[in-house]
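Asks: Sending over a structure as C-alpha coordinates; questions will come in a sec.
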2 protein chains.
Amino acid sequence: MSIELGQCRLVYRQYFPFWEKLTDEQRELLCANTGEFSYKKGTNIHGTSGNCTGAIMVISGTLRAYLLSENGKEITLYRYRPGEVCMLSASCVLRSITFDVIIDAEEDSSVYIVRGDVMAKVAEDNLFVANYALDNAVARFSDVVWVMQQIMFFSLDKRIAVFLWDEFSRTGSDTLSLTHEQIARYISSAREAVTRMLKYFAAEGIVELSRKGIKISDREKLRELATGE
Amino acid sequence: MSIELGQCRLVYRQYFPFWEKLTDEQRELLCANTGEFSYKKGTNIHGTSGNCTGAIMVISGTLRAYLLSENGKEITLYRYRPGEVCMLSASCVLRSITFDVIIDAEEDSSVYIVRGDVMAKVAEDNLFVANYALDNAVARFSDVVWVMQQIMFFSLDKRIAVFLWDEFSRTGSDTLSLTHEQIARYISSAREAVTRMLKYFAAEGIVELSRKGIKISDREKLRELATGE
(Lines give C-alpha, C1' and ligand atoms only; values in the text may rest on other atoms or scores of the structure.)
Protein backbone atom coordinates (compact mmCIF):
# COMPACT_ATOMS: atom_id res chain seq x y z
CA MET A 1 0.00 0.00 0.00
CA SER A 2 1.41 3.32 -1.02
CA ILE A 3 0.64 6.41 -3.00
CA GLU A 4 3.02 8.22 -5.33
CA LEU A 5 5.19 10.93 -3.71
CA GLY A 6 3.75 13.86 -5.65
CA GLN A 7 0.18 12.92 -4.71
CA CYS A 8 1.31 12.14 -1.18
CA ARG A 9 2.68 15.64 -0.70
CA LEU A 10 -0.67 17.11 -1.73
CA VAL A 11 -2.55 14.76 0.58
CA TYR A 12 -0.36 15.42 3.61
CA ARG A 13 -0.42 19.16 3.10
CA GLN A 14 -4.20 19.03 2.99
CA TYR A 15 -4.73 16.93 6.12
CA PHE A 16 -1.76 17.62 8.39
CA PRO A 17 0.04 20.76 9.53
CA PHE A 18 3.45 19.06 9.76
CA TRP A 19 4.58 18.25 6.18
CA GLU A 20 7.08 21.13 6.09
CA LYS A 21 8.60 19.91 9.35
CA LEU A 22 9.35 16.39 8.10
CA THR A 23 12.76 15.22 6.89
CA ASP A 24 12.95 13.68 3.41
CA GLU A 25 13.31 10.26 4.99
CA GLN A 26 10.23 10.74 7.14
CA ARG A 27 8.25 11.87 4.09
CA GLU A 28 9.26 8.81 2.13
CA LEU A 29 8.52 6.50 5.01
CA LEU A 30 5.04 7.94 5.56
CA CYS A 31 4.18 7.98 1.86
CA ALA A 32 5.38 4.42 1.31
CA ASN A 33 2.94 3.36 4.00
CA THR A 34 -0.09 5.41 3.09
CA GLY A 35 -2.81 3.84 1.00
CA GLU A 36 -6.22 4.71 -0.35
CA PHE A 37 -9.16 2.55 0.67
CA SER A 38 -12.89 2.40 0.05
CA TYR A 39 -15.47 1.05 2.43
CA LYS A 40 -19.12 0.25 1.82
CA LYS A 41 -21.69 1.69 4.20
CA GLY A 42 -21.73 -0.27 7.44
CA THR A 43 -18.25 -1.76 7.10
CA ASN A 44 -16.09 -1.89 10.21
CA ILE A 45 -12.78 -0.08 9.69
CA HIS A 46 -11.21 -0.20 13.13
CA GLY A 47 -12.20 -2.66 15.82
CA THR A 48 -11.67 -3.54 19.43
CA SER A 49 -8.85 -6.01 18.93
CA GLY A 50 -6.30 -3.49 20.17
CA ASN A 51 -4.91 -3.17 16.63
CA CYS A 52 -3.12 0.01 15.73
CA THR A 53 -4.86 0.56 12.39
CA GLY A 54 -3.36 3.99 11.77
CA ALA A 55 -4.34 7.58 11.12
CA ILE A 56 -7.42 7.75 8.90
CA MET A 57 -7.93 10.75 6.61
CA VAL A 58 -11.51 11.02 5.34
CA ILE A 59 -11.80 11.79 1.62
CA SER A 60 -15.56 11.25 1.26
CA GLY A 61 -18.39 9.75 3.29
CA THR A 62 -18.71 9.68 7.08
CA LEU A 63 -17.05 7.58 9.75
CA ARG A 64 -18.67 6.97 13.11
CA ALA A 65 -16.61 6.42 16.28
CA TYR A 66 -18.37 4.66 19.14
CA LEU A 67 -17.95 2.64 22.28
CA LEU A 68 -19.51 -0.81 22.44
CA SER A 69 -20.46 -2.73 25.57
CA GLU A 70 -20.33 -6.51 25.91
CA ASN A 71 -24.10 -6.71 25.56
CA GLY A 72 -24.15 -4.68 22.37
CA LYS A 73 -25.08 -1.25 23.70
CA GLU A 74 -23.43 1.61 21.85
CA ILE A 75 -22.51 5.20 22.60
CA THR A 76 -21.72 7.34 19.58
CA LEU A 77 -18.80 9.61 20.49
CA TYR A 78 -18.39 11.60 17.28
CA ARG A 79 -18.26 11.46 13.51
CA TYR A 80 -15.43 12.16 11.08
CA ARG A 81 -16.29 13.96 7.86
CA PRO A 82 -14.33 14.76 4.69
CA GLY A 83 -11.16 16.68 5.49
CA GLU A 84 -10.94 15.34 9.05
CA VAL A 85 -8.37 12.97 10.49
CA CYS A 86 -9.06 10.21 13.00
CA MET A 87 -6.10 9.54 15.29
CA LEU A 88 -7.84 7.39 17.92
CA SER A 89 -7.50 4.46 15.51
CA ALA A 90 -3.73 4.79 16.01
CA SER A 91 -3.41 3.87 19.68
CA CYS A 92 0.27 3.04 19.25
CA VAL A 93 0.90 6.70 18.44
CA LEU A 94 -1.09 7.81 21.49
CA ARG A 95 0.13 5.47 24.17
CA SER A 96 -1.87 7.05 26.96
CA ILE A 97 -5.15 6.26 25.17
CA THR A 98 -6.13 2.95 26.73
CA PHE A 99 -9.73 2.60 25.60
CA ASP A 100 -10.98 1.03 22.40
CA VAL A 101 -13.03 3.07 20.01
CA ILE A 102 -14.76 1.30 17.15
CA ILE A 103 -14.90 3.01 13.79
CA ASP A 104 -17.38 2.14 11.05
CA ALA A 105 -18.11 3.62 7.66
CA GLU A 106 -21.55 5.12 8.21
CA GLU A 107 -21.91 5.85 4.51
CA ASP A 108 -19.91 4.61 1.52
CA SER A 109 -16.59 6.22 2.33
CA SER A 110 -13.11 6.56 0.89
CA VAL A 111 -10.11 7.31 3.04
CA TYR A 112 -6.34 7.40 3.16
CA ILE A 113 -4.76 5.41 5.95
CA VAL A 114 -1.18 5.74 7.12
CA ARG A 115 0.01 2.69 9.05
CA GLY A 116 -0.02 3.13 12.81
CA ASP A 117 3.39 1.64 13.55
CA VAL A 118 4.99 3.88 10.91
CA MET A 119 3.25 6.99 12.19
CA ALA A 120 4.34 6.04 15.73
CA LYS A 121 7.96 5.80 14.62
CA VAL A 122 7.85 9.20 12.94
CA ALA A 123 6.09 10.75 15.95
CA GLU A 124 8.86 9.42 18.18
CA ASP A 125 11.51 11.25 16.15
CA ASN A 126 9.52 14.35 15.26
CA LEU A 127 7.92 16.50 17.93
CA PHE A 128 5.63 18.25 15.45
CA VAL A 129 4.02 14.96 14.50
CA ALA A 130 3.67 13.90 18.14
CA ASN A 131 2.12 17.26 18.92
CA TYR A 132 -0.38 16.98 16.11
CA ALA A 133 -1.50 13.54 17.24
CA LEU A 134 -2.01 14.65 20.84
CA ASP A 135 -3.84 17.81 19.84
CA ASN A 136 -6.19 15.83 17.60
CA ALA A 137 -7.02 13.52 20.54
CA VAL A 138 -7.53 16.33 23.06
CA ALA A 139 -10.06 17.97 20.74
CA ARG A 140 -12.16 14.79 20.96
CA PHE A 141 -11.85 14.71 24.74
CA SER A 142 -14.16 17.73 24.96
CA ASP A 143 -16.74 16.07 22.70
CA VAL A 144 -16.78 12.98 24.87
CA VAL A 145 -17.21 14.94 28.10
CA TRP A 146 -20.11 16.82 26.53
CA VAL A 147 -21.89 13.58 25.60
CA MET A 148 -21.31 12.25 29.10
CA GLN A 149 -22.60 15.38 30.82
CA GLN A 150 -25.75 15.53 28.73
CA ILE A 151 -26.64 11.90 29.29
CA MET A 152 -25.57 11.48 32.90
CA PHE A 153 -26.49 14.83 34.37
CA PHE A 154 -29.41 16.12 32.43
CA SER A 155 -30.77 13.13 30.53
CA LEU A 156 -31.15 15.86 27.94
CA ASP A 157 -31.44 13.27 25.19
CA LYS A 158 -34.37 11.69 26.96
CA ARG A 159 -36.02 14.99 27.92
CA ILE A 160 -35.99 16.25 24.36
CA ALA A 161 -37.15 12.88 23.03
CA VAL A 162 -40.08 12.83 25.48
CA PHE A 163 -41.03 16.36 24.49
CA LEU A 164 -40.90 15.61 20.75
CA TRP A 165 -42.79 12.35 21.19
CA ASP A 166 -45.53 14.06 23.21
CA GLU A 167 -45.84 16.81 20.61
CA PHE A 168 -46.02 14.23 17.84
CA SER A 169 -48.67 12.20 19.70
CA ARG A 170 -50.65 15.33 20.47
CA THR A 171 -50.62 16.91 17.01
CA GLY A 172 -50.41 13.75 14.90
CA SER A 173 -47.96 15.58 12.67
CA ASP A 174 -44.39 14.43 12.22
CA THR A 175 -43.23 17.95 11.45
CA LEU A 176 -43.09 20.20 14.48
CA SER A 177 -42.93 23.93 13.82
CA LEU A 178 -41.00 24.87 16.91
CA THR A 179 -37.83 26.83 17.41
CA HIS A 180 -35.00 25.47 19.52
CA GLU A 181 -35.60 28.42 21.82
CA GLN A 182 -39.20 27.30 22.40
CA ILE A 183 -38.16 23.72 23.11
CA ALA A 184 -35.49 24.96 25.51
CA ARG A 185 -38.13 26.93 27.41
CA TYR A 186 -40.55 23.98 27.55
CA ILE A 187 -37.94 21.63 29.00
CA SER A 188 -36.11 24.26 31.09
CA SER A 189 -32.81 23.96 29.35
CA ALA A 190 -30.48 26.26 27.43
CA ARG A 191 -31.05 26.97 23.74
CA GLU A 192 -27.43 26.09 22.86
CA ALA A 193 -27.74 22.71 24.57
CA VAL A 194 -31.01 21.93 22.77
CA THR A 195 -29.51 22.89 19.40
CA ARG A 196 -26.48 20.72 19.98
CA MET A 197 -28.58 17.72 21.06
CA LEU A 198 -30.96 18.15 18.09
CA LYS A 199 -27.93 18.08 15.78
CA TYR A 200 -26.87 14.90 17.55
CA PHE A 201 -30.36 13.45 16.94
CA ALA A 202 -30.15 14.52 13.30
CA ALA A 203 -26.79 12.81 12.89
CA GLU A 204 -28.33 9.68 14.44
CA GLY A 205 -31.10 9.81 11.82
CA ILE A 206 -33.86 10.43 14.37
CA VAL A 207 -34.90 13.85 13.10
CA GLU A 208 -34.27 16.18 10.18
CA LEU A 209 -33.72 19.84 10.89
CA SER A 210 -34.78 22.60 8.55
CA ARG A 211 -35.98 26.17 8.60
CA LYS A 212 -39.54 24.94 8.85
CA GLY A 213 -38.86 23.06 12.05
CA ILE A 214 -38.13 19.53 13.13
CA LYS A 215 -39.21 16.52 11.12
CA ILE A 216 -39.26 13.15 12.84
CA SER A 217 -37.56 10.72 10.48
CA ASP A 218 -37.31 7.65 12.69
CA ARG A 219 -40.40 7.31 14.90
CA GLU A 220 -39.33 3.99 16.33
CA LYS A 221 -35.97 5.30 17.54
CA LEU A 222 -37.61 8.39 19.01
CA ARG A 223 -40.20 6.30 20.80
CA GLU A 224 -37.49 4.05 22.23
CA LEU A 225 -35.53 7.02 23.48
CA ALA A 226 -38.63 8.66 24.96
CA THR A 227 -40.16 5.63 26.62
CA GLY A 228 -37.05 3.54 27.26
CA GLU A 229 -38.75 0.51 25.70
CA MET B 1 3.80 35.19 43.71
CA SER B 2 7.13 33.64 42.90
CA ILE B 3 9.68 31.21 44.20
CA GLU B 4 13.45 31.70 44.16
CA LEU B 5 15.23 30.47 40.99
CA GLY B 6 17.28 27.77 42.68
CA GLN B 7 14.22 26.23 44.32
CA CYS B 8 12.27 26.72 41.11
CA ARG B 9 14.76 24.64 39.12
CA LEU B 10 14.38 21.79 41.59
CA VAL B 11 10.60 22.02 41.50
CA TYR B 12 10.35 22.10 37.70
CA ARG B 13 12.81 19.23 37.30
CA GLN B 14 10.73 17.17 39.68
CA TYR B 15 7.34 17.82 38.09
CA PHE B 16 8.00 18.49 34.40
CA PRO B 17 10.13 16.81 31.73
CA PHE B 18 10.86 20.07 29.88
CA TRP B 19 13.18 22.18 32.13
CA GLU B 20 16.28 21.38 30.04
CA LYS B 21 14.45 22.49 26.90
CA LEU B 22 13.58 25.95 28.20
CA THR B 23 15.51 29.13 27.36
CA ASP B 24 16.80 31.22 30.26
CA GLU B 25 14.08 33.75 29.60
CA GLN B 26 11.36 31.10 29.70
CA ARG B 27 12.77 29.76 32.97
CA GLU B 28 12.73 33.19 34.56
CA LEU B 29 9.25 33.91 33.31
CA LEU B 30 7.83 30.65 34.66
CA CYS B 31 9.61 30.95 38.01
CA ALA B 32 8.55 34.58 38.51
CA ASN B 33 4.95 33.37 38.14
CA THR B 34 5.04 30.22 40.19
CA GLY B 35 3.86 30.33 43.79
CA GLU B 36 3.33 27.98 46.68
CA PHE B 37 -0.16 27.74 48.16
CA SER B 38 -1.90 25.83 50.91
CA TYR B 39 -5.56 24.85 50.94
CA LYS B 40 -7.66 23.53 53.79
CA LYS B 41 -9.67 20.37 53.20
CA GLY B 42 -12.77 21.17 51.18
CA THR B 43 -11.52 24.42 49.65
CA ASN B 44 -12.28 25.07 46.03
CA ILE B 45 -9.09 25.68 44.02
CA HIS B 46 -10.37 25.92 40.47
CA GLY B 47 -13.97 26.64 39.56
CA THR B 48 -16.36 26.84 36.65
CA SER B 49 -15.92 30.52 35.91
CA GLY B 50 -13.79 29.74 32.86
CA ASN B 51 -10.73 31.10 34.65
CA CYS B 52 -7.36 29.84 33.56
CA THR B 53 -5.98 29.15 37.03
CA GLY B 54 -2.80 27.48 35.84
CA ALA B 55 -0.89 24.24 36.12
CA ILE B 56 -1.13 22.82 39.63
CA MET B 57 1.70 20.68 41.03
CA VAL B 58 0.66 18.70 44.08
CA ILE B 59 3.18 18.76 46.94
CA SER B 60 1.02 17.10 49.60
CA GLY B 61 -2.61 16.16 50.08
CA THR B 62 -5.12 15.19 47.39
CA LEU B 63 -7.04 17.20 44.83
CA ARG B 64 -10.31 15.99 43.35
CA ALA B 65 -11.40 16.88 39.81
CA TYR B 66 -15.10 16.59 39.07
CA LEU B 67 -17.93 17.72 36.85
CA LEU B 68 -20.88 19.50 38.46
CA SER B 69 -24.39 19.77 37.07
CA GLU B 70 -26.71 22.73 37.57
CA ASN B 71 -28.70 20.79 40.13
CA GLY B 72 -25.64 19.86 42.16
CA LYS B 73 -24.96 16.34 40.91
CA GLU B 74 -21.28 15.45 40.72
CA ILE B 75 -19.15 13.01 38.78
CA THR B 76 -15.66 12.47 40.14
CA LEU B 77 -13.29 12.17 37.19
CA TYR B 78 -9.99 11.57 38.95
CA ARG B 79 -7.71 12.60 41.78
CA TYR B 80 -4.31 14.23 41.78
CA ARG B 81 -1.80 13.06 44.36
CA PRO B 82 1.65 14.28 45.44
CA GLY B 83 4.04 14.42 42.50
CA GLU B 84 1.24 14.81 39.94
CA VAL B 85 0.42 17.83 37.81
CA CYS B 86 -3.07 19.03 36.93
CA MET B 87 -3.21 20.75 33.54
CA LEU B 88 -7.00 20.83 33.07
CA SER B 89 -7.06 23.86 35.35
CA ALA B 90 -5.10 25.69 32.63
CA SER B 91 -7.65 25.75 29.84
CA CYS B 92 -5.86 28.66 28.13
CA VAL B 93 -2.91 26.32 27.55
CA LEU B 94 -5.19 23.61 26.16
CA ARG B 95 -7.48 25.56 23.90
CA SER B 96 -9.35 22.53 22.61
CA ILE B 97 -10.53 21.65 26.13
CA THR B 98 -13.92 23.33 26.26
CA PHE B 99 -15.42 21.76 29.37
CA ASP B 100 -15.09 22.99 32.94
CA VAL B 101 -13.62 20.74 35.54
CA ILE B 102 -13.87 21.77 39.17
CA ILE B 103 -10.94 21.09 41.46
CA ASP B 104 -11.17 20.97 45.25
CA ALA B 105 -8.66 20.15 47.94
CA GLU B 106 -10.02 16.87 49.25
CA GLU B 107 -7.56 16.93 52.14
CA ASP B 108 -5.38 19.72 53.52
CA SER B 109 -3.10 20.19 50.53
CA SER B 110 -0.13 22.24 49.47
CA VAL B 111 0.67 22.93 45.84
CA TYR B 112 2.73 25.01 43.47
CA ILE B 113 0.75 26.87 40.83
CA VAL B 114 2.21 28.43 37.70
CA ARG B 115 -0.07 31.06 36.20
CA GLY B 116 -2.10 29.85 33.23
CA ASP B 117 -1.53 32.83 30.93
CA VAL B 118 2.23 32.60 31.51
CA MET B 119 2.31 28.86 30.85
CA ALA B 120 0.23 29.45 27.71
CA LYS B 121 2.75 31.98 26.44
CA VAL B 122 5.68 29.63 27.02
CA ALA B 123 3.79 26.74 25.42
CA GLU B 124 3.20 28.87 22.35
CA ASP B 125 6.93 29.42 21.91
CA ASN B 126 8.17 26.05 23.07
CA LEU B 127 6.91 22.83 21.52
CA PHE B 128 8.17 20.68 24.40
CA VAL B 129 5.96 22.55 26.84
CA ALA B 130 2.96 22.36 24.50
CA ASN B 131 3.58 18.66 24.07
CA TYR B 132 3.75 18.05 27.78
CA ALA B 133 0.46 19.85 28.38
CA LEU B 134 -1.36 17.86 25.67
CA ASP B 135 0.07 14.55 26.83
CA ASN B 136 -1.01 15.26 30.40
CA ALA B 137 -4.58 15.90 29.17
CA VAL B 138 -4.74 12.84 26.91
CA ALA B 139 -3.79 10.62 29.84
CA ARG B 140 -6.93 11.84 31.66
CA PHE B 141 -9.07 11.23 28.59
CA SER B 142 -8.73 7.49 29.13
CA ASP B 143 -9.74 7.80 32.79
CA VAL B 144 -12.87 9.70 31.86
CA VAL B 145 -13.92 7.21 29.20
CA TRP B 146 -13.49 4.40 31.72
CA VAL B 147 -15.77 6.13 34.24
CA MET B 148 -18.32 6.73 31.50
CA GLN B 149 -18.28 3.15 30.26
CA GLN B 150 -18.68 1.68 33.72
CA ILE B 151 -21.59 3.90 34.64
CA MET B 152 -23.42 4.06 31.32
CA PHE B 153 -22.91 0.55 30.03
CA PHE B 154 -22.65 -1.68 33.00
CA SER B 155 -23.95 0.33 35.93
CA LEU B 156 -21.05 -1.47 37.55
CA ASP B 157 -21.01 1.03 40.40
CA LYS B 158 -24.62 0.22 41.19
CA ARG B 159 -24.25 -3.52 40.70
CA ILE B 160 -21.35 -3.73 43.14
CA ALA B 161 -23.11 -1.44 45.61
CA VAL B 162 -26.26 -3.58 45.51
CA PHE B 163 -24.20 -6.71 46.06
CA LEU B 164 -22.27 -5.23 49.01
CA TRP B 165 -25.44 -3.80 50.54
CA ASP B 166 -27.23 -7.15 50.26
CA GLU B 167 -24.29 -8.95 51.83
CA PHE B 168 -24.15 -6.40 54.63
CA SER B 169 -27.90 -6.70 55.27
CA ARG B 170 -27.72 -10.49 55.17
CA THR B 171 -24.71 -10.96 57.46
CA GLY B 172 -25.09 -7.88 59.64
CA SER B 173 -21.32 -7.44 59.45
CA ASP B 174 -19.71 -4.41 57.89
CA THR B 175 -16.59 -6.39 56.98
CA LEU B 176 -17.09 -8.76 54.10
CA SER B 177 -14.49 -11.49 53.65
CA LEU B 178 -14.76 -11.80 49.93
CA THR B 179 -12.17 -11.67 47.18
CA HIS B 180 -12.64 -9.44 44.16
CA GLU B 181 -12.71 -12.63 42.11
CA GLN B 182 -15.71 -13.90 44.09
CA ILE B 183 -17.59 -10.63 43.73
CA ALA B 184 -16.87 -10.62 40.00
CA ARG B 185 -18.37 -14.10 39.71
CA TYR B 186 -21.46 -13.15 41.70
CA ILE B 187 -22.23 -10.13 39.55
CA SER B 188 -20.97 -11.62 36.26
CA SER B 189 -18.24 -9.14 35.65
CA ALA B 190 -14.47 -9.23 35.23
CA ARG B 191 -12.14 -9.30 38.23
CA GLU B 192 -10.09 -6.37 36.92
CA ALA B 193 -13.21 -4.22 36.54
CA VAL B 194 -14.38 -5.06 40.08
CA THR B 195 -10.96 -4.24 41.53
CA ARG B 196 -10.87 -0.92 39.75
CA MET B 197 -14.37 0.03 40.86
CA LEU B 198 -13.67 -1.02 44.47
CA LYS B 199 -10.62 1.26 44.41
CA TYR B 200 -12.89 4.01 43.13
CA PHE B 201 -15.30 3.29 46.04
CA ALA B 202 -12.37 3.37 48.46
CA ALA B 203 -11.22 6.74 47.12
CA GLU B 204 -14.80 7.99 47.57
CA GLY B 205 -14.67 6.88 51.22
CA ILE B 206 -17.40 4.27 50.81
CA VAL B 207 -15.26 1.23 51.63
CA GLU B 208 -11.84 0.38 52.96
CA LEU B 209 -9.88 -2.37 51.26
CA SER B 210 -7.49 -4.65 53.08
CA ARG B 211 -6.18 -8.18 52.94
CA LYS B 212 -9.02 -9.30 55.18
CA GLY B 213 -11.62 -8.10 52.74
CA ILE B 214 -13.87 -5.12 52.28
CA LYS B 215 -14.96 -2.91 55.15
CA ILE B 216 -17.94 -0.62 54.61
CA SER B 217 -16.94 2.78 55.94
CA ASP B 218 -19.89 4.88 54.78
CA ARG B 219 -23.13 2.92 55.04
CA GLU B 220 -25.28 5.85 54.04
CA LYS B 221 -23.40 6.46 50.79
CA LEU B 222 -23.45 2.76 49.97
CA ARG B 223 -27.18 2.54 50.62
CA GLU B 224 -27.82 5.55 48.40
CA LEU B 225 -25.80 4.06 45.60
CA ALA B 226 -27.49 0.66 45.97
CA THR B 227 -31.07 1.84 46.30
CA GLY B 228 -30.90 5.14 44.41
CA GLU B 229 -32.63 6.92 47.30
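Asks: Within the range A:80-98, is there a residue that is surrounded by 14 or more Cβ atoms within 10 Å (Cβ to Cβ), touching a His at 6+ places or on another chain (Cβ under 7 Å), small (G, A, S) and closer than 30 Å to B:Y132 by Cα?
Replies: yes
Asks: Now a separate question. Under 14 Å from the mean Cα position of the chain (by Cα), of a type in the set (V, I, T) and within 17 Å of A:Y132 (Cα to Cα) - does that describe any residue in the range A:66-75?
Replies: no
Asks: Looking for whichever is assigned to a helix (DSSP H, G or I), within 14 Å of chain B (Cβ to nearest Cβ) and farther than 26 Å from B:R140 by Cβ here; the options are A:A139, A:A184, A:A226, A:A202. Which one fits?
Replies: Residue meeting the stated conditions: A:A184.
Asks: Next question, about the same structure. Name every residue in the range B:89-111 that is under 18 Å from B:T34 (Cβ atoms) and either within 13 Å of chain A (Cβ to nearest Cβ) or modelled with pLDDT of 90 or more (or both), in order of residue number.
Replies: Result: B:S89, B:A90, B:V93, B:I103, B:S109, B:S110, B:V111.
Asks: (1) farther than 29 Å from B:E107 by Cα; (2) at pLDDT 85 or above; (3) among the polar types (S, T, N, Q): which one isn't true of B:S210, the others all being true?
Replies: So B:S210 meets the others, but not (1).
Asks: Applying the selection to the range A:57-78, what residues are basic (K, R) and either within 14 Å of chain B (Cβ to nearest Cβ) or surrounded by fewer than 16 Cβ atoms within 10 Å (Cβ to Cβ) (or both)?
Replies: A:K73 - this is the single residue of the range A:57-78 that is basic (K, R) and either within 14 Å of chain B (Cβ to nearest Cβ) or surrounded by fewer than 16 Cβ atoms within 10 Å (Cβ to Cβ) (or both).
Asks: A:T195 is checked against (1) within 14 Å of another protein chain (Cβ to nearest Cβ); (2) under 21 Å from the mean Cα position of the chain (by Cα) and fails just one. What number does that condition carry?
Replies: Going through (1) within 14 Å of another protein chain (Cβ to nearest Cβ); (2) under 21 Å from the mean Cα position of the chain (by Cα) one by one, A:T195 breaks only (1).
Asks: When the residues of the range B:150-162 are narrowed to those that are in a helix (DSSP H, G or I) and surrounded by fewer than 18 Cβ atoms within 10 Å (Cβ to Cβ), which ends up modelled with the highest pLDDT?
Replies: B:V162
Asks: Within the range A:92-116, track down each residue that is farther than 26 Å from A:K73 by Cα, touching a residue at least 60 places away in the same chain (Cβ under 8 Å) and of a type outside the set (S, T, Y).
Replies: Within the range A:92-116, A:V111, A:I113, A:V114, A:R115, A:G116 qualify.
Asks: In addition: If you scan the range B:107-136, which residues turn out to be surrounded by fewer than 22 Cβ atoms within 10 Å (Cβ to Cβ) and under 16 Å from the mean Cα position of the chain (by Cα)?
Replies: B:E107, B:D108, B:S110, B:D135
Asks: Could I ask something else about it? Is there a residue being at the interface with chain B (Cβ under 8 Å from one of its Cβ atoms) and among the polar types (S, T, N, Q) anywhere in the range A:121-132?
Replies: yes
Asks: Would you pick out the residues in the range A:163-181 that are within 28 Å of the chain's Cα centre (by Cα) and in a helix (DSSP H, G or I)?
Replies: A:F163, A:L164, A:W165, A:H180, A:E181
Asks: Among the residues of the range A:36-50, is any within 14 Å of chain B (Cβ to nearest Cβ), more than 12 Å from the chain's Cα centre (by Cα) and closer than 28 Å to B:A193 by Cα?
Replies: Yes, that holds for at least one residue.
Asks: Scan the range B:112-124 and tell me whether some residue there is hydrophobic (A, V, I, L, M, F, W, C), closer than 30 Å to A:V101 by Cα and assigned to a helix (DSSP H, G or I).
Replies: yes
Asks: Please list, ordered by residue number, the strands (runs of 3 or more DSSP E) wholly in the range A:1-106 having 3 or more residues that are under 18 Å from A:D117 (Cβ atoms).
Replies: Strands (runs of 3 or more DSSP E) meeting the threshold: A:34-39, A:54-60.
Asks: May I pose another question? What are the residues in the range A:183-199 that are surrounded by fewer than 18 Cβ atoms within 10 Å (Cβ to Cβ), modelled with pLDDT of 85 or more and not charged (D, E, K, R), if any?
Replies: If the condition is that a residue be surrounded by fewer than 18 Cβ atoms within 10 Å (Cβ to Cβ), modelled with pLDDT of 85 or more and not charged (D, E, K, R), then A:T195 is the only one that fits.
Asks: May I ask you to list pairs of residues, at least six apart or on different chains, whose Cβ atoms are under 7 Å apart, with the first in the range A:154-173 being closer than 15 Å to A:K215 by Cα and the second being of a type in the set (A, V, I, L, M, F, W, C) and in a loop (DSSP other than H, G, I, E, B)?
Replies: A:I160/A:I187; A:F163/A:I187
The values are calculated or read from the model by the stated rules, or taken from the named source; none is laboratory data. On a predicted model such as this, the values are computed, not experimentally measured, just so you know. Counting neighbours? That spans all protein chains shown, and the Cβs are built from the backbone with ideal geometry, glycine included.
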